[in-house]
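The values are calculated or read from the model by the stated rules, or taken from the named source; none is laboratory data. None of these values were measured; they are calculated from a predicted model. Cβ: placed from backbone, ideal geometry, glycine included. Neighbour counts: every protein chain shown.
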Amino acid sequence: MNALAASADRTAARRDKPRGFTLAQYAICLKGIVWRESLRFLHQRERFVSALVRPLVWLFIFAAGFRQVLGMSIIPPYQTYILYSEYIVPGLIAMIQLFNGMQSSLSMVYDREMGNMRTLLVSPLPRWYLLCCKLLAGTAVSLLQVYAFLIVAWFWGIEPPLLGYLTVLPALVFSGLMLGALGMLISSVIKQLENFAGVMNFVIFPMFFASSALYPIWRVREGSPALAAVCEWNPFTHAVELARFALYGQANWLSLAVVVGCTALFMAGAILAYDPARGLLARRGEGGGAT
Amino acid sequence: MTIGNRALTVDGVSHNYGARRALDRVSFAVEAASFAVLLGLNGAGKSTLFSLITRLYATQRGRIAVLDHDVARAPGEALRLLGVVFQARTLDLDLSVMQNLVYHAALHGIGKREAQARAGELLARIALSDRAGDKVRNLSGGQMRRVEIARALLHRPRLLVLDEPTVGLDIRSRADILGHVRKLVAEDGIGVLWATHLIDEVADTDQVIVLHDGRVLGDGAAGRLLADTGAANLREAFTTLTGGPLATGEAA
C-alpha cells in the first residue's frame, strides 16, 4: 500500500514536472547565454572594431562634410542651436544597434548552419524563453558597443549632459530589443549565410536612410512629403528619437510606445517562426546533414 | 500502451517535406541499457528522425517518447533526459573546452560550480582532463567528438542519440569513441541510439534497425536479422533487405 502510494506520488510528481524548472535554473540559463554571447563578441575582435569604426566614419567624415549643408533649427529635445555632428549621434547609436541586431541574426543563421543553434534548441527550457535569452544577450552586446562609441564621441566634442548617459540606458535597452527581435525574425526567414548582403540592401539601408537618423523629418518634408510619411511610420525613426530624447533626459512617449509595440510584434513573429510545429523551419525541411 | 523503462519509443512516425515523404510509419524502441544501431544509407531519413527526436521539428504523425515522456506533450521533460551528439560539429571553436561545457550545462539550468565538477569527471573519463583550458579549435577531430559526447552527458541523460558520430574520423578514434559509448551502456545503463552507415560498427549483440527510404525494413538483434534473411553476414543481410549494398568503413 505504502509502495503504491509512493509510486502514485512519484507519478504525480512526474506529471507536475513539465513546468519543472526553478526560477534559479531559468536565471542560470539566461546568465549562461549572455556570458557566451559576450565571450564570443570579445573573441571576435574584428567585429568589435568594425562595430565601432562604422559610426565613427559617419561622425568624423560624413557629419563634418555636411555641417555647412544642413542647417539645424532648434527642435526638441535641443534647447539651443546644435552642430550637425551632435544631431546625428542618436542616429548613429541606433545604427550600431541595427547592425548588431542584424549581425546577431546573422550569427543565428551561421549558428544554425554550424549546429550551435541546434544545441540551443535542444535545451529543455521552453523555446520562447531561449529565444528571449538570446535576444537579451544580443542587446547586452549592443550596449557595450554603444557606450564605447559614446566615449569616443565625447572626445570628439559631442558632450550631452552627464546624466544623459544614464537616462539613455533604458531607451537603448528598448531599442536594442526591438532591433534584435527584428533580426531574429529575419533570421528565421533567410536560409543562407550569403543572404546577409540582401539584408543590408533590403533592411538596413532603407531603414536607416528613411528615418530621422541623418536629417530631421521636417527637412525631409520640404523635399518629399511622401518620404516624410514613410520616415514617420518607420520604427527605426522611433528608436532614434527615443534615444535622442533620452540622451537629453527627456522621454518621448510616442516613440517608446512604438518601440515597445514593435518589439512585441517582432518577437511574437520570431517565436512563431521558431516554433517546431508551426514554424518556418519545419516547413522548409532544413534539417542540416544529409536528409 | 506500456512503455516501462524503454529509453526511446518511436511509434508510427511519418514526416513529409512538402510532397516528399522522408519517413513512412517508422516504429521501433530502444530499451534502457541497450545499444541500438540505426543503420541506413545517406538519405535514408536518419537525420530527419533525429530532428524529430530532438524536437527541431514537431512530429507530424505518430509519437515519440523519451522514457515515458512524449516529446510533443512534455518536451521539457523529454529533452531533459536526452543527450544529443549531432552529425555536424557544434562546439564553439573560439571558446575553451570547459567554457563550452559550462555553457551547455547552463542551458540545462545547471550552475557553474556543479557544471565544472561534472565536466571534470567526464573529461577524466575521456582522458582529456589536461585539455580543459584549451580552445576547442586546437583539438583533433576525434577529441572534439569525445568532448561533444561528454557535453551530451553533462545533464545525466538516460538516452543518448548520436547521428553519424564517427564520420570523418580515423580508425583509431572511431574505435575509441565506439568503445567509450559501449561502456556507457554497460556501466551507466544508458540507452543509446547510434545512427551510422558503417556496418563494421555493429556488434553481434546490438539491436539493429535498418532504415531505408524512410521505412524500417528490419529491426532486431544483429544475429536474428541474419537468421531471418538467411544471410552469412550483416552486409548481405542489408543487401537482401534493401536491395542495395552498404558502405564499408571509411578508410583512415
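B:Ala237 falls short on exactly one of the conditions (1) small (Gly, Ala, Ser); (2) assigned to a helix (DSSP H, G or I); (3) surrounded by fewer than 20 Cβ atoms within 10 Å (Cβ to Cβ), and that condition is (3).
Report whether or not B:Ala88 is modelled with pLDDT under 95, in a loop (DSSP other than H, G, I, E, B), surrounded by fewer than 17 Cβ atoms within 10 Å (Cβ to Cβ) and more than 9 Å from chain A (Cβ to nearest Cβ).
Numbers: modelled with pLDDT under 95: yes; in a loop (DSSP other than H, G, I, E, B): yes; surrounded by fewer than 17 Cβ atoms within 10 Å (Cβ to Cβ): yes; more than 9 Å from chain A (Cβ to nearest Cβ): no.
When the stated conditions are applied, B:Ala88 does not pass them.
Taking the conditions exactly as written (more than 13 Å from the chain's Cα centre (by Cα) and crowded, with 22+ Cβ neighbours inside 10 Å), does B:Leu67 satisfy them or not? So B:Leu67 passes the test. When B:Leu67 is tested against the conditions (1) touching a strand residue (DSSP E or B) at 6+ places or on another chain (Cβ under 9 Å); (2) within 8 Å of chain A (Cβ to nearest Cβ); (3) at positive phi, the lone failure is (2). Taken over the stretch B:202-211, the residue count meeting the criterion of being of a type outside the set (A, V, I, L, M) and buried (at least 20 other Cβ atoms within 10 Å of the Cβ) is 2.
Select from the stretch B:126-144 the residues that are over 13 Å from B:Asp170 (Cβ atoms) and outside any helix (DSSP H, G or I) and list them in ascending order. Across the stretch B:126-144, the qualifying residues are B:Ile126, B:Ala127, B:Leu128, B:Ala132, B:Gly133, B:Asp134, B:Lys135, B:Leu139. Condition first: farther than 19 Å from A:Tyr165 by Cβ and assigned to a loop (DSSP other than H, G, I, E, B). Now tell me which residues in the stretch A:217-266 satisfy that. Scanning the stretch A:217-266 gives A:Ser224, A:Asn234. Looking at B:Gly43, B:Gly109, just one residue is surrounded by 17 or more Cβ atoms within 10 Å (Cβ to Cβ) and within 10 Å of chain A (Cβ to nearest Cβ), and that residue is B:Gly109. Of all residues in the stretch B:70-80, those satisfying the criterion of being surrounded by fewer than 20 Cβ atoms within 10 Å (Cβ to Cβ) and either more than 7 Å from chain A (Cβ to nearest Cβ) or within 12 Å of B:Val136 (Cβ to Cβ) (or both) are B:Asp70, B:Ala72, B:Arg73.
Under 24 Å from B:Glu121 (Cβ atoms) and surrounded by 15 or more Cβ atoms within 10 Å (Cβ to Cβ), is that true of B:Val181? Yes; evaluated as a whole, the condition is true for this residue.
Quick one: would you say B:Ser14 is at pLDDT 90 or above, over 28 Å from B:Thr205 (Cα atoms) and in contact with a strand residue (DSSP E or B) (Cβ under 7 Å, 6 or more places away or on another chain)? Considered against the rule, which asks whether it is at pLDDT 90 or above, over 28 Å from B:Thr205 (Cα atoms) and in contact with a strand residue (DSSP E or B) (Cβ under 7 Å, 6 or more places away or on another chain), B:Ser14 comes out as yes.
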